[in-house]
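Attaching a single structure in structure tokens format; questions to follow.
The values are calculated or read from the model by the stated rules, or taken from the named source; none is laboratory data. Since the model is a prediction, treat every value here as computed from it, not as a measurement. Note that we place each Cβ from the backbone using ideal geometry, even for glycine, and neighbour counts take in every protein chain shown.
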């Protein structure tokens with residue numbers, strides 16, 4: 001994404017819903033679904049699609065913050081296990 005390229009991920013990747021919008025900045029395919037993977041690859045290889053998705057992927061990753069992600073995780077952990085997070 002940081003290289004302005006679309007990504008193809010499986011729906012088993014934990015961050016996929018947070019970073020990837022299927023058909024917008026990449027593709028999400030079901031785990032083990034070879035046909036869906038082939039369709040996603042064909043889609044990305046259509047003229048202009050990789051460039052457009054890649055630009056949107058770059059814009060999305062630029063707005064993502066590792067620090068905010070960690071802060072949110074810490075808050076979630078503190079919510080379910082008070083006192084656990086130092």
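Would you pick out the residues in the stretch 6-33 that are over 9 Å from the mean Cα position of the chain (by Cα), without any contact (Cβ under 8 Å) to a residue 40 or more places away in the chain and surrounded by 13 or more Cβ atoms within 10 Å (Cβ to Cβ)?
The answer is 10, 11, 23, 24, 29, 33.
Within the stretch 21-75, which residues are part of a loop (DSSP other than H, G, I, E, B) and at pLDDT 90 or above?
Scanning the stretch 21-75 gives 21, 23, 24, 25, 30, 31, 32, 33, 45, 46, 47, 48.
Looking for something surrounded by 12 or more Cβ atoms within 10 Å (Cβ to Cβ) and under 11 Å from residue 6 (Cα atoms) - is there at least one such residue anywhere in the stretch 34-41?
Yes, the conditions are met somewhere in the stretch 34-41.
Give the stretch 76-86 a look and list any residue that's part of a helix (DSSP H, G or I) and exposed (fewer than 11 other Cβ atoms within 10 Å of the Cβ), or say none.
79, 80
Within the bounds of the stretch 10-18, is there any residue that is over 30 Å from residue 85 (Cα atoms), at pLDDT below 95 and in contact with a helix residue (DSSP H, G or I) (Cβ under 6 Å, 6 or more places away or on another chain)?
no
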